[in-house]
Amino acid sequence: MEMEKRKVGNSGLEISPLVFGGNVFGWTVDEATSFKLLDAFVAAGFNAIDTADMYSKWVPGHTGGESETIIGNWLKRSGKRDKVIIATKLGLEMGPDKKGLSKAYILRAAEDSLRRLQTDRIDLYQSHTDDADTPIEETLGAYAQLIAQGKVRAIGASNYKADRFAAALEISRKHGLPRYDTLQPNYNLYDRADFEAQLEPLCLKEGIGVINYFPLASGFLSGKYRSERDVEERPRARMLKKYVNERGFRILGALDQVAKKYDATPARVSLAWLLARPGITAPIVSATSIEQLNDVIASVELQLDRASIELLNQASA
């Protein structure tokens with residue numbers, strides 16, 4: 001089906017309003033299931049996949065690169081390389097001397113990612129986290145080289161604070177270097193303050209594409225965790241704990257109310273709230289089953305009215 005595409009900053013890239021989060025590939029889903037999910041996602045009209053070189057290094061026995069490798073195998077098998085936008089990231093530690101945003105390391109990490117992804121270009125290459133030890137000019141200069149070689153089409157940043165992100169944009173302007181066209185922050189109905197205070201106005205002013213991660217607060221906003229006990233045994237228990245409190249439950253209450261009104265699910269409503277925000281380009285969603293995937297992709301059809309958005313804004317304020 002034809003789906004609306006959203007412009008990604010000034011990059012020239014256009015993506016559908018949800019991005020598939022590749023952190024699950026090779027972690028909570030095996031390769032065969034990953035292929036099924038990617039096939040279904042693209043068949044439903046979506047075109048963007050986000051991953052990182054270090055996914056999923058946190059799993060015992062993994063070295064990082066597992067997610068990119070699975071995506072590369074899928075690209076090769078499906079022949080869909082030209083139908084999708086591949087976004088990956090670098091900079092978090094992959095091993096001794098393998099981290100940060102120095103020129104030498106960026107050039108090396110890019111080759112590693114290209115090899116695992118079995119492609120000749122990365123559509124969106126992102127600094128996974130800020131590197132205070134490397135001058136921003138050096139980092140952007142390395143990206144300039146990759147762009148000139150045709151190995152990277154556009155660049156973005158993840159987990160940057162507003163002052164550093166603004167500084168990078170200023171250096172791009174001053175020195176004629178490529179600019180970060182996207183920001184990848186943690187942002188959802190619960191985690192609002194950090195992004196909305198300074199990053200959101202900056203992104204709106206500069207025309208930056210925002211592809212936010214954890215749009216469902218590690219699954220909490222799907223409504224499946226209603227007590228401390230629900231959280232304890234989960235793979236993401238550590239991340240979920242911070243949401244299990246009075247404010248978290250107040251947000252779930254509002255989500256339940258709106259979900260009932262639209263005959264939808266809390267997950268779908270959470271994503272529809274994000275998609276209605278002017279500063280958000282496309283939330284990054286993950287799914288480990290086709291059923292979950294169908295639920296989240298239905299969110300793009302859901303247009304919340306003013307009253308519902310207001311109710312959610314107040315509950316999560």
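Computed from the coordinates by the stated procedures, all read-outs in this text should not be read as laboratory data. Quick caveat: nothing in here was measured; it's all calculated off a predicted structure. With ideal geometry, Cβ positions are generated from the backbone for all residues, glycine too; neighbour counts draw on all protein chains shown.
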*Restricting attention to the range 193-234, which residues are among the acidic types (Asp, Glu) and loosely packed, with under 15 Cβ neighbours inside 10 Å?*
194, 196, 228, 230, 232, 233
*So how many residues does the range 10-41 have that are assigned to a loop (DSSP other than H, G, I, E, B) and within 15 Å of the chain's Cα centre (by Cα)?*
3
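When you go through 237, 315, 298 one by one, which is the residue that is among the small types (Gly, Ala, Ser), within 30 Å of residue 86 (Cβ to Cβ) and surrounded by fewer than 20 Cβ atoms within 10 Å (Cβ to Cβ)? So that I can check it myself, show each step before the final result.
Numbers: 237 fails: within 30 Å of residue 86 (Cβ to Cβ); 315 fails: within 30 Å of residue 86 (Cβ to Cβ).
Only one candidate qualifies: 298.
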_residue 308, sole failed condition from (1) farther than 17 Å from residue 222 by Cβ; (2) in a loop (DSSP other than H, G, I, E, B)_ = (2)
_Whichever residue in the range 218-261 is within 19 Å of residue 291 (Cα to Cα) and part of a helix (DSSP H, G or I) and, among such residues, is nearest to the chain's Cα centre (by Cα)_ = 218
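In the range 148-186, which residues are in a loop (DSSP other than H, G, I, E, B) and among the polar types (S, T, N, Q)?
Initial filter on the range 148-186 (in a loop (DSSP other than H, G, I, E, B)): 149-151, 159-161, 176-179, 185.
Hits for the range 148-186 are 149, 159.
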_Residue count, the range 20-41 (criterion: hydrophobic (A, V, I, L, M, F, W, C) and either surrounded by fewer than 19 Cβ atoms within 10 Å (Cβ to Cβ) or within 17 Å of residue 211 (Cβ to Cβ) (or both))_ = 7
